[in-house]
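Quick notes on the structure that follows.
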Amino acid sequence: MNIPTNHPRYRSLMTREALSEMVDKGLVTQTGLISHGRGEAFDYLMGERSLPSSLRAERAAAAYLLRAKNPVVCVNGNAAALDPGNLISLAREVPAKIEVNIFHRTEKRMELLISHMEENGAEGVLGRDPDARIPGLDSDRALCTRTGIYDSDVILVPIEDGDRAKALADMGKTVISIDLNPLSRTSKAATVSISDEMTRALENIIGAVREMKGRHEIIEETITAFSNENNRKEAVEEICSALRNEMKGGA
């Protein structure tokens with residue numbers, strides 16, 4: 001499509017086009033499009049911006065990643081299609097490992113996704129040769145690598161579907177989720193629930209990582225001060241407040 005750059009929904013329409021192309025290439029599933037649309041609806045409610053609660057969670061995420069002994073950035077089809085560059089940049093800044101892990105798994109699709117990440121500059125991407133399983137999962141999402149997801153202590157799961165987030169939390173891991181819906185199963189299961197659009201979230205986390213790197217007291221203070229339960233409640237309140245203000249403005 002030839003979408004005018006001054007179109008009020010330009011970025012959203014370009015993202016949809018990109019995801020549609022990735023479906024044709026086999027990187028994203030058709031159900032992934034449904035998942036994206038559901039998340040995008042929450043972004044509308046947030047005013048397509050990072051809320052104060054989002055920024056607090058993103059800062060906490062950076063602190064946990066910096067304190068981790070074996071941090072992992074987990075990548076699924078939608079995440080790889082939407083913003084491979086910032087996923088790779090974050091992994092380099094921490095530094096953290098990258099592992100591809102998907103629900104609709106075939107060897108061909110895994111190779112497509114890993115190659116896509118490598119073509120965008122990622123090195124040492126894990127996932128081709130799983131040698132461990134996440135306990136409590138019956139789907140192919142249980143397949144993982146021991147040096148990556150299985151032995152990780154802190155794991156970032158952008159655009160998650162809930163069951164794996166809970167399984168990882170049950171393993172005792174610090175789970176950082178990026179999910180626009182603060183009421184989703186993923187957000188409820190995570191240690192740090194980031195309710196924000198993925199690119200904005202990644203950019204904010206990268207900025208916080210750069211700011212806090214090597215500042216151990218600030219890292220510990222940030223983690224200690226953060227309450228995920230309270231922050232999720234604040235995210236819901238901020239969305240409701242934005243809706244009330246919108247209704248007043250349109251009255």
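The values are calculated or read from the model by the stated rules, or taken from the named source; none is laboratory data. Just so it is clear, the structure is predicted and the values come from calculations on it, not from any experiment. Counting neighbours? That spans all protein chains shown, and the Cβs are built from the backbone with ideal geometry, glycine included. Accessible surface areas use protein heavy atoms only, side chains included; no ligands, DNA or RNA. Shrake-Rupley method; radii C 1.70, N 1.55, O 1.52, S 1.80 Å.
Results, tabulated for the structure shown:
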item	result
Share of carbon and sulfur in the accessible heavy-atom surface of the range 165-229 [1.4 Å probe, %]	47
Accessible area (Å², per residue) of the chain, counting only protein heavy atoms and a probe of 1.4 Å	48
17 Å cut-off, amide nitrogen to a point 7 angstrom out along Asp129 Cα→Cβ, residues in the range 83-104	98-100
For the range 84-134, the Rg and Dmax computed from alpha carbons only, in angstrom	11.1, 30
Packing-based ranking, highest mean first, of 223-231, 72-80 given that Cβ atoms within 10 Å are counted	72-80, 223-231
Mean ellipticity per residue at 222 nm, deg cm²/dmol - from DSSP H runs of n ≥ 4 across the chain, formula -39500 (n - 2.57)	-17500 deg cm²/dmol
Kyte-Doolittle mean at least -1.0, axial Cα span of 20 Å or more - DSSP H helices of the chain	10-25, 30-45, 52-67, 198-212
Long pairs among Lys173/Lys213; Lys25/Lys166; Lys69/Lys233; Lys97/Lys213; Lys97/Lys233, criterion Cα-Cα beyond 24 Å	Lys25/Lys166; Lys69/Lys233; Lys97/Lys233
GNM top mover of Ile218, Ile178, Ile102 - the chain, alpha-carbon springs below 10 Å	Ile218
Over 33 Å [Cα-Cα, the chain], rounded percent	16
Bridge type composition, the chain - antiparallel percent by DSSP, nearest 5	10
Furthest towards positive pole of dipole, Ala225, Asn70, Ser115, structure part the chain, Cβ charges	Ala225
Share, in percent, of DSSP beta bridges within the range 112-251 that are antiparallel, nearest 5	20
Peptides 166-176, 50-60 ordered by average Cβ neighbours within 10 Å, highest first	50-60, 166-176
